[in-house]
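The values are calculated or read from the model by the stated rules, or taken from the named source; none is laboratory data. Since the model is a prediction, treat every value here as computed from it, not as a measurement. With ideal geometry, Cβ positions are generated from the backbone for all residues, glycine too; neighbour counts draw on all protein chains shown. For accessibility, only protein heavy atoms count, side chains too; no ligands or nucleic acids. Shrake-Rupley method; radii C 1.70, N 1.55, O 1.52, S 1.80 Å.
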Amino acid sequence: MSGGFNFCFRLRYILSKPERHDVIAIRLAGDKVILLKRVVALEGDVVEIQNGTLFVNEKKIDETYVRYPSDWNLSPRKVDKNHVYVIGDNRSVPIHIHQFGQASIDRIIGAPLW
Amino acid sequence: MVKVKYFIIAVGLLIAGIITFSMFFQSEAARVKKQFEFIAEKIEKAPGENHITAAKKVARVKEVITEPFRIHAPAYAFSRDTAPNELATFILSKRSHYSKISLKFYDFEIAFPEKNFAQVNLTESMEGQLQTGEFIQDFNELKCQMQKIGGTWRLKEIEVVEVLKR
């Protein structure tokens with residue numbers, strides 16, 4: 001969420017599930033305010049961040065979409081069933097401020113069009 | 001002819017009853033919503049606000065909360081009852097880190113499970129600038145319990161819903 005206005009393609013995940021590196025729209029109480037986050041891991045995956053570098057299932061992930069390097073650290077954790085692990089692309093903020101984590105598939109309302 | 005007349009009167013009364021009920025229900029929901037607008041207004045901060053204005057504004061938050069007031073945030077394993085004065089001091093302290101705060105509430109879903117009690121589900125959107133210049137955005141889904149005391153809807157409990165579980 002950038003505080004801006006985005007169009008959401010709601011049919012995007014009607015017949016398919018989100019894949020790694022997709023940017024998805026996650027609803028909160030309704031759909032007036034949505035979180036736009038990038039899927040970095042799927043259910044059953046183990047996510048870890050070491051000094052800003054993302055590892056999924058112990059494999060280093062090359063995240064070309066991340067604008068600014070971070071010094072984040074996150075201990076390994078497994079993604080629950082029917083969930084995806086999401087992180088925003090802007091990681092210039094301290095880790096405790098950034099909203100990220102695993103989101104239930106039920107909360108995904110689509111993908112941003114632009 | 002007489003039967004038709006009574007039927008029309010009965011339908012008219014039914015419609016009037018429905019309208020009255022819906023007006024009452026809507027106005028209660030509007031009253032609940034208004035309390036959130038009140039809270040947002042008192043927490044928001046304009047650049048250059050002085051300490052006295054800040055203290056006066058925040059003190060008014062106490063008018064719309066119950067004693068005790070409960071904050072529950074399962075994601076942080078945090079749950080606590082707080083007194084109105086304590087809450088006001090906490091808000092004032094948090095606000096002091098910011099030079100500017102904008103607070104909005106969206107997507108209200110209001111239910112009245114019993115008389116004088118309301119359950120409100122909504123999205124809170126906070127944007128602010130720290131005194132250090134850093135911009136902060138925070139979006140949360142909140143589940144709130146409200147109680148009507150002395151004709152005023154007051155916040156009794158707020159639960160911060162864990163949308164993204166780390």
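The figures follow:
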item	result
Residue pairs meeting the criteria (Cβ under 7 Å; at least 6 apart or on separate chains; first within 15 Å of B:Lys42 (Cα to Cα), in segment B:79-93; second in a strand (DSSP E or B) and open to solvent by 80 Å² or more (accessible area, probe 1.4 Å))	B:Pro84/B:Glu67
Residue within segment B:58-73 that is under 30 Å from A:Gly101 (Cα atoms), open to solvent by less than 70 Å² (accessible area, probe 1.4 Å) and either of a type in the set (A, V, I, L, M) or assigned to a helix (DSSP H, G or I) (or both) present	yes
Given (1) open to solvent by 40 Å² or more (accessible area, probe 1.4 Å); (2) touching a Ser or Thr at 6+ places or on another chain (Cβ under 8 Å), index of the condition A:Leu42 fails	(2)
Filter result (more than 24 Å from A:Tyr13 (Cα to Cα), of a type in the set (A, V, I, L, M) and either at pLDDT below 95 or touching a Ser or Thr at 6+ places or on another chain (Cβ under 9 Å) (or both)) within segment A:67-106	A:Val93, A:Ile95, A:Ile97
Pick from segment A:5-27, criterion in a loop (DSSP other than H, G, I, E, B) and basic (Lys, Arg), ranking: nearest to A:Tyr65 (Cα to Cα)	A:Arg20
Close pairs (9 angstrom Cβ cut-off, 6 or more residues apart or separate chains): within 11 Å of A:Ile24 (Cβ to Cβ) in segment A:82-96, hydroxyl-bearing (Ser, Thr, Tyr) and surrounded by fewer than 21 Cβ atoms within 10 Å (Cβ to Cβ) anywhere	A:Val84/A:Ser104
Listing of strands (runs of 3 or more DSSP E) fully contained in segment A:30-87 that carry 3 or more residues being β-branched (Val, Ile, Thr)	A:34-41, A:46-50, A:83-87
Filter result for B:Ala40 (among the hydrophobic types (A, V, I, L, M, F, W, C), open to solvent by less than 80 Å² (accessible area, probe 1.4 Å), within 26 Å of B:Ala118 (Cβ to Cβ) and in contact with a strand residue (DSSP E or B) (Cβ under 9 Å, 6 or more places away or on another chain))	yes
Of residues in segment B:94-137 being open to solvent by less than 60 Å² (accessible area, probe 1.4 Å) and of a type in the set (Ser, Thr, Tyr), the one farthest from the other protein chains (Cβ to nearest Cβ)	B:Ser99
In segment A:1-56, the residues that are touching a His at 6+ places or on another chain (Cβ under 9 Å) and β-branched (Val, Ile, Thr)	A:Val39, A:Val40
